[in-house]
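Worksheet: one structure, shown below.
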Amino acid sequence: MRANKNLFWILAVFFALAETTYIVWALIYYGHVEWVGTMAIGLSAVLAAFLGFYLGRVYASQGGDLPEDRLDSNIDDGDPEMGFYSPWSWWPILLAGFASIMVLGFAVGIWISFIGAALTIIAVVGWTYEYYRGYFAR
């Protein structure tokens, strides 16, 4: 995390320098400030500074280095238990497809959203109760 924090602060300084260079260059070439590029580069500097500040606060409050920051750590030290996922389950794929149909309805026609919402509810219920019925029931 220390490396990420330093990287974002370096990016913030880089974007701030790039913005000042962009402003000076635009003043020399055009005679006025070009606002779109100035704002885009400036907000990139602000975003990098926000992320650097946040990671610095998290790094300071956690009371130690992450396993990725230590030279004597193994790969397994930074590998937490993420939970249980069914490798044979088709419900996440169906849920993604039905949710995309529901969102597609917002762009194409609202009637498609109702069909997509009903199918999304079916997919959520199917994925939730996957282990309560059928071959893998417990």
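Bear in mind these aren't lab numbers, they're just calculated from the coordinates by the rules spelled out. Every value quoted in this text rests on a predicted model; they were computed, and no experiment measured them. Please note: Cβ atoms are built from the backbone with ideal geometry, for glycine as well, and neighbour counts cover all protein chains shown.
Name the one entry in I101, I122, I115, I110 that is exposed (fewer than 11 other Cβ atoms within 10 Å of the Cβ), of a type in the set (V, I, T) and free of Cβ contacts under 8 Å to residues at least 60 places away in the same chain.
Going through I101, I122, I115, I110 in turn, just one is exposed (fewer than 11 other Cβ atoms within 10 Å of the Cβ), of a type in the set (V, I, T) and free of Cβ contacts under 8 Å to residues at least 60 places away in the same chain: I110.
Among the candidates Y135, Y131, Y85, Y54, which residue alone is within 22 Å of the chain's Cα centre (by Cα), more than 17 Å from M1 (Cα to Cα) and of a type outside the set (A, V, I, L, M)?
Going through Y135, Y131, Y85, Y54 in turn, the sole match is Y85.
Identify, please: which residue in segment 65-92 is of a type in the set (A, V, I, L, M, F, W, C) and not in a helix (DSSP H, G or I) and is, among those, surrounded by the most Cβ atoms within 10 Å (Cβ to Cβ)?
Looking at the filtered set, the residue picked out is L66.
Give just the number: which of (1) closer than 30 Å to K5 by Cα; (2) surrounded by 12 or more Cβ atoms within 10 Å (Cβ to Cβ); (3) under 24 Å from the mean Cα position of the chain (by Cα) does L95 not satisfy?
Every listed condition holds for L95 apart from (1).
Given (1) out of contact with any helix residue (DSSP H, G or I) (no Cβ under 6 Å at 6 or more places or on another chain); (2) touching a residue at least 40 places away in the same chain (Cβ under 8 Å); (3) under 30 Å from N6 (Cα atoms), identify the lone condition not met by R70.
Status for R70: all satisfied but (2).
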